[in-house]
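The values are calculated or read from the model by the stated rules, or taken from the named source; none is laboratory data. Since the model is a prediction, treat every value here as computed from it, not as a measurement. Positions of Cβ are backbone-derived with ideal geometry, glycine not excepted, and every protein chain shown enters the neighbour counts.
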């Protein structure tokens with residue numbers, strides 16, 4: 001979870017100097033992640049097929065996440081961005097479950113509405129402490145992208161191989177976006193992007209997928225509740241950002257709603273099984 005939260009901190013940190021642009025950062029991040037995961041898969045000896053139908057949804061949604069994420073952090077604090085991303089991903093996956101014909105229990109509905117309400121409260125235009133609307137919308141695009149990416153990868157027999165293949169296929173699109181925008185990059189920005197791509201994204205995803213099968217679904221979902229809080233703390237300590245009362249209260253509402261939905265859904269499943 002610290003690795004996932006670090007993506008927000010590193011991205012925001014790189015853009016603070018004004019010399020590193022969001023398009024450049026995401027391009028180097030994607031390339032570094034592709035190289036790291038490609039090496040890991042080569043060592044395992046099971047490089048996946050790159051040209052498949054699954055790759056269209058996987059690569060497209062990954063790029064939506066990468067671009068939205070980087071451009072949002074031009075104006076968002078690390079913790080605020082992580083909260084919007086995390087809450088948006090949960091809402092997207094809930095909507096995806098409905099579209100796929102799933103019928104969530106009542107508590108999961110309540111939890112989703114509470115979490116969505118918390119996001120609306122945080123983002124309400126013109127309110128004191130509300131983040132920049134344009135940046136928040138870009139993070140919303142990232143959230144939808146990552147939510148779709150997660151839904152598309154549900155049936156993957158080897159999630160790490162799928163992730164590696166998607167990163168590799170995303171490289172030309174990430175570089176094309178950089179060529180179109182043509183923003184710059186400082187030496188420190190390059191280092192932060194490489195760490196973000198290879199370590200906190202590449203190795204972070206590999207570690208998560210290794211641990212995930214050993215965790216109960218509710219434990220895994222609840223563990224992700226710590227990501228925005230770690231990002232807020234890291235933003236305060238490392239980047240000198242402030243944690244407003246509005247952010248703290250909205251975080252409590254969003255994360256409380258997600259926890260209610262996760263625990264409510266698990267309890268419902270458990271009662272049926274018994």
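Beta carbons closer than 6 Å, at least 6 apart along the sequence or on distinct chains, pair a first residue in the stretch 249-274 that is more than 23 Å from residue 120 (Cα to Cα) with a second that is part of a helix (DSSP H, G or I) and modelled with pLDDT of 70 or more for 265/108. Picking from residues in the stretch 222-248 that are more than 16 Å from the chain's Cα centre (by Cα) and at pLDDT 80 or above, the one that is nearest to residue 139 (Cα to Cα) is 235. Considering 130, 165, 112, the condition of being modelled with pLDDT under 90, buried (at least 16 other Cβ atoms within 10 Å of the Cβ) and not in a helix (DSSP H, G or I) is satisfied by 130 alone.
Hey, among 253, 262, which residue is within 21 Å of residue 89 (Cα to Cα), at pLDDT 80 or above and either surrounded by 13 or more Cβ atoms within 10 Å (Cβ to Cβ) or within 21 Å of the chain's Cα centre (by Cα) (or both)? Explain how you work it out, then say what you get.
Values: 262 fails: at pLDDT 80 or above.
Matching residue, one of 253, 262: 253.
Taking the criterion of being crowded, with 17+ Cβ neighbours inside 10 Å and either in a helix (DSSP H, G or I) or at pLDDT below 90 (or both), the residues of the stretch 184-198 that qualify are 189, 192, 193, 194, 195, 196, 197, 198.
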